[in-house]
Structure formats: structure tokens, C-alpha cells
Amino acid sequence: MSKIATGRGLEHEAAMSRNINKLIVTPPGYSGQPKRGHLIFDACFESGNLGRVDYITEFEYDLFIRPDTCNPRFRVWFNFTVENVKGYQRVIFNIVNFSKTKSLYRDGMSPVVKSTSRPKWQRLPSKNVYYYRCPDHRKNYVMSFAFCFDRDDDVYQFAYCYPYTYTRLQHYLENLDKQRLDYVHWDLLGLSVQQRRLDLLTITNPVNLVSEAEQRVVFITARVHPGETPSSFVCQGIIDFLVSQHPIARVLRDHLIFKIAPMLNPDGVYLGNYRCSLMGFDLNRHWQDPSPWAHPTLYAVKQLILEMHNSPKTSLDFYIDIHAHSTMMNGFMYGNIFEQEDLFQRQAIFPKLLCRNAEDFSFSSTSFNRDTMKAGTGRRLLGGLLDDSSYCYTLEVSFYSYLLGGTSTTIPYTEETYMKFGRNVARTFKDYYQLNGETGFSRPQSSREKPPAATGISQNSARGTGKTRKTSTSSREHAKST
């Protein structure tokens, strides 16, 4: 099947409900068998996304992101392959229908690429990437990148960021399960609308699960927004550290129970959506009243959290939801606001300690807010439901890079550095609880005890209404993606 140029408008954008499937793009008026150099585009694979290709010239193509299923608002994630290339063929690809105007592409971010002969993902040189407002596309923002296909027998794959698929997670969990670690339990917490697994890992010394002593729980979730793939690498880094034989990991397992749901939106991940579920819901706006049929994964997680909260022997100390941010550098956190200053300062301790452990975490970018737009998020909803001894955060990490040591030097993230950030998050729990290998908690962290000082942060003087929260000084743009 060939694709004839249809102009550079967006009139057919709403009709893009499927990914292209082995689409052969030939020049207008061409007939006959495709030749080498007539590019074949494909996105009909897990987490793929490309809805349309327009031939402009033999050197230039307009590419259209397929909108999230059942929700045309979100067009950010792309992931597609190109084959039948000609050796040293040079092209310019224009991604023309982004739904966001602001992007890290303004700051040097570039797509990632791999090929059959070079299977490790790499970022394209930022000098070959351009992000601009284009008059040919209703003045929408366009990201153009130049590329040279150097091997005619390779299949090339391009993506917005490093993909992390549902199948990859299943293989990772299966390999972990094969190790038969008595301190790791892999359970099926529920099923998605399309009957994919909602997995739950419990990582702790098995004694903690049968002991009558208080159970201190840290609950971690990721990938409620399916296109935010860095969150999966961070989450895997946390898991890798907690199941390891590192002395700190052993101490953490001895004294804490970690509950981890690594993929809250498996259907959206599989389908190649950026923000929504199969049915077009932004799940991170439906925590308040999740439906067991429309938002089954969210419903199952919330029910488990409430069950633990209502248990007299369980102390749910942390809820951390991991995301990726499309306009900010570094890792940082969003937290809630407490009316009482000592509780507010206590909430600031964990991000302050994380800043000491992770060079890519920014405490200055960390903010605490009560934006009404975020009322349906896990961090906001659970922060209002749980008591004052539970701290709920959104943990963000940049899609692109971090700034080294407070300088202007940007270090692009890799899969490994995302996972390293996750390992540093896990390590920070030892510092927070002041654990040591011999006696455990050196100071019990009860809600009645005054915490160590957390300097460098204060509450906004503007008071909000409601139970125990108020408004922060952070800007709307800063908190936009969560």
C-alpha cells in the first residue's frame, strides 16, 4: 500500500484511531514495485504509536502521532520503525501534531533510536533536532529531526523516550520470581479492562508478615501515565536494590514492608498511549471515586491502601507515585501541605535526604501544593484520606536530563541512570528511618515525635480551606504533568 501526499494540513487528524501497519511511502504518481529507499513505516507493535505519514519530498516526511485511544487531547508519545532504507539516505522527519506546546525539545532533548545491528537505545545528537512553531501546521509546535540511514539492511526504531513495555515488565517479574527469594512475593492484585495483569510485589523479611508487631509499609506505584516510561526504569531501580544483598537492602527488608505496583495502566502502556487508559481516562484524575469496571487497576490499589490504613497493626508511612516530566530537568517531588508547621517540616525530610543521596534530585524544584486541578491524583486524594503520619508524594524525573552539581551542565538520562536514581530513592529510606544493621530503628519515627530539622523550605502564608492542607507557591506550569 502506498501513501500519496495529501498536503500538510491536520484535517484528518481526528480520524487516526489506528497505528500504521507496514506503510510503504512512495512519491506522488509513482506506480510499480517499491524501490530501495521508498521507506516502510510501522507502529503495529506493543507500545507503538504513529498514525499517519505524509510524503513531502524524497528527503522529508510529516509524521502524525496517533492520539490516545478514546481521547484525542493527548498526542505526545511516538514509537515506530522504518525499513527498506537506502544506504546513507538522509531524511528529515517532522513530528507535526504534538498536543503540548512546551517541551524539553526546546532545551536539547532528542528522540532515541536503535537498529537491528545496534540494539542499544541512543539519543540522537541534539544539534540535529529542531523544535519550533510552524506556520504550515496552524502554528502548532513541530519537532523535526535529521537522520542518515547508514545501513540499508537495518530496521531502525525511533521513540519519544526509552520504551518500557508491559511484556518487558512481565519478563522482569518472571525472572525475579525464578530466584525464589523468600522475601519477595509476586501477586496478582487485579486485571485491567483488557485483562492484563496488575502486579503487586511485596518485599520484606517474611517474619514481618506474621509478626504481631506494627507493620510499617512503604507503598510505591508507577506508570499510571503510560507514556512516562522513565518511571518504570526508576521503579525497577528501586526493586533491584530492595531485593539485592546490599547491607542497606537487608536492613530495610528487616524493618519495613515495601508494596510496589509497578504498572498501574497496563492497557495504556500496551496500546502506546501517552496519558490515558484504553477507555480514554486519565487515571490520575480518578482516585477520588474509581470505578471497578472503568478504572479496575486504580480501584484495586485504592482498596488495598484503604484496607491497610484501616488495619490497627499497619502503619502506612509512605505513598509514592512515580512519574516523568516533559518540561523540567532533574528528579524532584510534589507533596501536600499541612497546616501545622511541624508536620509540614516532617514531610520535607524525605526529599531533603534524597537530595543528599542523588546528585540528580533537585530539592529546589520540589514543591508542595493544593492545586484544585490535582484533586483527583493519588498524591492529593490519599494525602487527604490518610492520617498525618502518612506522607504522600509524586516523584518526578525528567524525560531528558539533570543538571550536574547545580551547574548549567546537562547530563542526559540513560536507562541505567534512571535505574540508579531508583536505587538512591530506596537507599534514602534507611536515612529517613535512621536504621542501622544491629538495632534497627535508632529513633522510632512516630507521628508524635518531633523530626530532625528540615531547612531550606517553608510554608506559603496563604491558607487553604479543608482538613489540613493549603496552597503552595509552585507555579501551574511546574506541576503540569502530574
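The values are calculated or read from the model by the stated rules, or taken from the named source; none is laboratory data. None of the values given here were measured: they were computed from a predicted structure. Cβ coordinates were reconstructed from backbone atoms using ideal geometry, including for glycine residues, and neighbour counts include every protein chain displayed. These area figures cover heavy atoms from the full protein model, side chains too; ligands, DNA and RNA do not enter into them. Shrake-Rupley method; radii C 1.70, N 1.55, O 1.52, S 1.80 Å.
Give the residues of region 94-134 that are outside any loop (DSSP other than H, G, I, E, B), within 21 Å of Phe45 (Cβ to Cβ), open to solvent by less than 40 Å² (accessible area, probe 1.4 Å) and out of contact with any Pro (no Cβ under 9 Å at 6 or more places or on another chain), sorted by residue number.
Passing the criteria: Val113, Ser115.
What residue, among those in region 135-154 that are touching a strand residue (DSSP E or B) at 6+ places or on another chain (Cβ under 9 Å), part of a loop (DSSP other than H, G, I, E, B) and over 27 Å from Arg36 (Cβ atoms), is least open to solvent (accessible area, probe 1.4 Å)?
Per the criteria, the residue is Asn140.
Of (1) within 16 Å of Phe258 (Cβ to Cβ); (2) crowded, with 23+ Cβ neighbours inside 10 Å, Gln215 satisfies all except one. Which?
Looking at each condition in turn, Gln215 falls short on (2).
So Arg73 passes all but one of these: (1) modelled with pLDDT of 95 or more; (2) open to solvent by 20 Å² or more (accessible area, probe 1.4 Å). Which condition number does it fail?
Unmet condition: (1).
Report, by residue number, each residue of region 82-93 that is in a loop (DSSP other than H, G, I, E, B) and within 21 Å of Ala43 (Cα to Cα). Give the derivation first.
First, pick out the residues of region 82-93 that are in a loop (DSSP other than H, G, I, E, B): 84-88.
Passing the criteria: Asn84, Val85, Lys86.
Restricting to region 264-300, name every residue that is in a loop (DSSP other than H, G, I, E, B) and of a type in the set (Asp, Glu). Quick ask: steps written out before the conclusion?
Step one: filter region 264-300 for residues in a loop (DSSP other than H, G, I, E, B), giving 264-265, 272-282, 286-295.
Within region 264-300, Asp282, Asp289 meet the criteria.
Which of the residues that make up region 278-289 are open to solvent by 10 Å² or more (accessible area, probe 1.4 Å) and within 28 Å of Ser390 (Cα to Cα)?
If the condition is that a residue be open to solvent by 10 Å² or more (accessible area, probe 1.4 Å) and within 28 Å of Ser390 (Cα to Cα), then Phe281, Asp282, Arg285, His286, Gln288, Asp289 are the ones that fit.
I'd like the full set of residues that are among the small types (Gly, Ala, Ser) and more than 24 Å from the chain's Cα centre (by Cα), limited to region 378-404.
First, pick out the residues of region 378-404 that are among the small types (Gly, Ala, Ser): 378, 383-384, 389-390, 398, 401.
Correct list: Ser389 only.
Could you grab me the full set of residues in region 290-300 that are crowded, with 22+ Cβ neighbours inside 10 Å and out of contact with any Gly (no Cβ under 7 Å at 6 or more places or on another chain)? Give the steps one after another, and end with the answer.
Of region 290-300, the ones crowded, with 22+ Cβ neighbours inside 10 Å are 295, 297-298.
Result: His295, Leu298.
Using the structure shown, decide if Pro266 is surrounded by 22 or more Cβ atoms within 10 Å (Cβ to Cβ) and closer than 25 Å to Ala426 by Cα.
Details: surrounded by 22 or more Cβ atoms within 10 Å (Cβ to Cβ): yes; closer than 25 Å to Ala426 by Cα: yes.
Answer is yes for this residue.
Residue by residue through region 245-263, note down the ones that are part of a helix (DSSP H, G or I), open to solvent by 30 Å² or more (accessible area, probe 1.4 Å) and in contact with a strand residue (DSSP E or B) (Cβ under 6 Å, 6 or more places away or on another chain).
His255
Quickly run through region 24-42 and pick out the residues that are aliphatic (A, V, I, L, M) and either in contact with an Asp or Glu (Cβ under 9 Å, 6 or more places away or on another chain) or part of a loop (DSSP other than H, G, I, E, B) (or both). Don't jump to the end; show me each part of the working.
Going through region 24-42, the residues aliphatic (A, V, I, L, M) turn out to be 24-25, 39-40.
Across region 24-42, the qualifying residues are Val25, Leu39, Ile40.
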